[in-house]
1. What's the number of the only condition in (1) closer than 23 Å to residue 517 by Cβ; (2) assigned to a helix (DSSP H, G or I) that residue 552 fails to meet?
2. Every residue in the range 287-336 that is within 30 Å of residue 381 (Cα to Cα) and at pLDDT 90 or above, please.
3. Sort through 37, 55 and tell me the only one that's surrounded by 15 or more Cβ atoms within 10 Å (Cβ to Cβ), in the same structural domain as residue 117 (by TED's automatic domain parsing) and not in a helix (DSSP H, G or I).
4. Might you check whether a residue that is under 40 Å from the mean Cα position of the chain (by Cα) and in a loop (DSSP other than H, G, I, E, B) occurs anywhere in the range 535-547?
5. Name the single residue that is nearest to the chain's Cα centre (by Cα) among those in the range 462-472 being surrounded by fewer than 24 Cβ atoms within 10 Å (Cβ to Cβ) and at negative phi.
6. Counting only residues that are within 19 Å of residue 475 (Cα to Cα) and in contact with a helix residue (DSSP H, G or I) (Cβ under 8 Å, 6 or more places away or on another chain), give me the helices (runs of 4 or more DSSP H) lying completely in the range 399-439 with at least 2 of them.
7. Determine, yes or no, whether residue 73 is at pLDDT below 85, touching a strand residue (DSSP E or B) at 6+ places or on another chain (Cβ under 6 Å) and assigned to a helix (DSSP H, G or I).
8. Go through the residues of the range 490-513 one by one and say whether even a single one is crowded, with 20+ Cβ neighbours inside 10 Å and in contact (Cβ under 8 Å) with a residue 40 or more places away in the chain.
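The values are calculated or read from the model by the stated rules, or taken from the named source; none is laboratory data. Just so it is clear, the model here is predicted, and its values are computed rather than measured. So basically every Cβ, Gly included, is an ideal-geometry build from the backbone, and we count neighbours across all protein chains shown.
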């Protein structure tokens, strides 16, 4: 019996699901006329060839006529395979002497069918790129099994002809098991944080884990974090030799647009990207981008798994593939790479500004809006055709749905947006870096991640200062002060607000700048509230409210009435607080301000709760909870659930109280707050 695959490797973990699916398919097979075909597709370095060998060894006892192997990349010239040569190799393995091989492709196919009829074989076809390379290699016998590996899915195989086994990277537990078995080093358990970083670096690719394990075995001394830094530099700079060859070959086989997009993709900030972002950076329309993405998937240069539950068909370059794409980006000039970066930064800023307007409504902003990007369609936040992206927030009939989508987009793209601030500032795109501070503020209000907020607003502020945008610096200093005092850094927050107030007073006495100055006073009052100085805070809110009344700004009056009501409630003046908060709640609802309608209602409910009006408080809490859930505002949701739990507990509804507390605890755990 011919047997052409190597012995098992010493270290193999995972792939239990795929092996079980294959075993089930073989066990359930009954009298088929066509060979059973398994199609293993995955990124280079994922271990698909070794899994194919493992399946072949498992199937060997059931197929007594031999286990054959052909690597199509060994026969590939200029990206193409002469399938007749592959048939010649297989026929040679089946005992056909070279001088007896038929000369033409058609005759050789017939010879192969004759030779394989009635046999029971396992045939491994490695590194296929197209179904047309595989179909002629299928044996004539239905008792045989063919295992095909490819970098991407072979979409053009006939329906039902193959059982698709798309391999994801190893999950973290399996990756850890493999790394431990290769390295055999106690430092992996002694330094868990460094080890987790190493697992992330390897992206679940067995090839990378083998390199990392051997690296650790080679360097037995020294702290693990230092070794990981050295390995990171090595992998990002040079790649994994065996896998680098595969990725280079896949890259060279791409068409011009797909190759260009591959070089561009590392310039897109964040860990994943949407087809819209790929369209934006390529700049040649959606059809061209879709064709290029499909080609990259087929070439095995994109992670084809569903990488999120956002429903927007996000794609991902694993970090080591991203590093390879960066190296290939050197095929383009620095001027071209700079153009890509600026293009994607400006496109993301434009989308963020639209989302900000739809989510927060009309409000005071100072950054210049970004115009349309040629060849880069805007994200649609409305159903169907909807309104134009530059329409006013209230122009579309589906305003509520569009607002919800805008909030969701800001949350989904938060990593890219925060990365954009750093990228734009580092590259000298100061106008863009500063402008990101405004939509990120809208996101921060519902998702207050203090460290992210401080870093982003501080960088945006530095960019605004460098660009000489004084009104924007005032606004950004206020935004920076809030997460600072939330993190207990009161003195620094005070300094930022003092500088903001000085700058605001220098701008003049127009209504717009008086409104900006009143906003600074409001932030100062909020800082005093955080310090527990409620009397001084109430005075600030009262002063700010008077300015807004004088300039006829209803929204400002509403907001300061809300702030004043909270301060008065903290001072124990509950009846006055209830009146102020009722006024603010009514005005917020009339102005169509969803977030503030919910927050004023929640604050009013808290005062009514203290006044013994539990039923009215409960109604307001429930309304606020519904709004928080629609906006995905986890921070607000947990506070409201805590209040509902307390109210239920006081009224003897213990089971309801436990349910609310459990739900709040789960949300905090999901956000890393427990």
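1. Checking residue 552 against (1) closer than 23 Å to residue 517 by Cβ; (2) assigned to a helix (DSSP H, G or I), the one that fails is (2).
2. Once the filter is applied, which keeps residues that are within 30 Å of residue 381 (Cα to Cα) and at pLDDT 90 or above, the range 287-336 yields 287, 288, 289, 290, 291, 292, 293.
3. Values: 55 fails: not in a helix (DSSP H, G or I).
When all the criteria are applied, what remains is 37.
4. Checked against the condition, which is being under 40 Å from the mean Cα position of the chain (by Cα) and in a loop (DSSP other than H, G, I, E, B), the range 535-547 yields no hits at all.
5. Residues of the range 462-472 that are surrounded by fewer than 24 Cβ atoms within 10 Å (Cβ to Cβ), as a first pass: 462, 465-471.
Of the ones still in play, those that are also at negative phi are 462, 465-467, 469-471.
Numbers: 462: 27, 465: 31, 466: 31, 467: 31, 469: 32, 470: 34, 471: 33 Å.
Restricting to residues being surrounded by fewer than 24 Cβ atoms within 10 Å (Cβ to Cβ) and at negative phi, the top hit is 462.
6. On the way: elements: 399-412, 414-426, 430-435.
Where helices (runs of 4 or more DSSP H) fall fully within the range 399-439 and carry at least 2 residues being within 19 Å of residue 475 (Cα to Cα) and in contact with a helix residue (DSSP H, G or I) (Cβ under 8 Å, 6 or more places away or on another chain), they are 414-426, 430-435.
7. Values: at pLDDT below 85: yes; touching a strand residue (DSSP E or B) at 6+ places or on another chain (Cβ under 6 Å): yes; assigned to a helix (DSSP H, G or I): yes.
Answer is yes for this residue.
8. Let us first name the residues in the range 490-513 that are crowded, with 20+ Cβ neighbours inside 10 Å, namely 493, 496-497, 500, 504.
Those still in the list that are in contact (Cβ under 8 Å) with a residue 40 or more places away in the chain too: none.
No, the conditions are met nowhere in the range 490-513.
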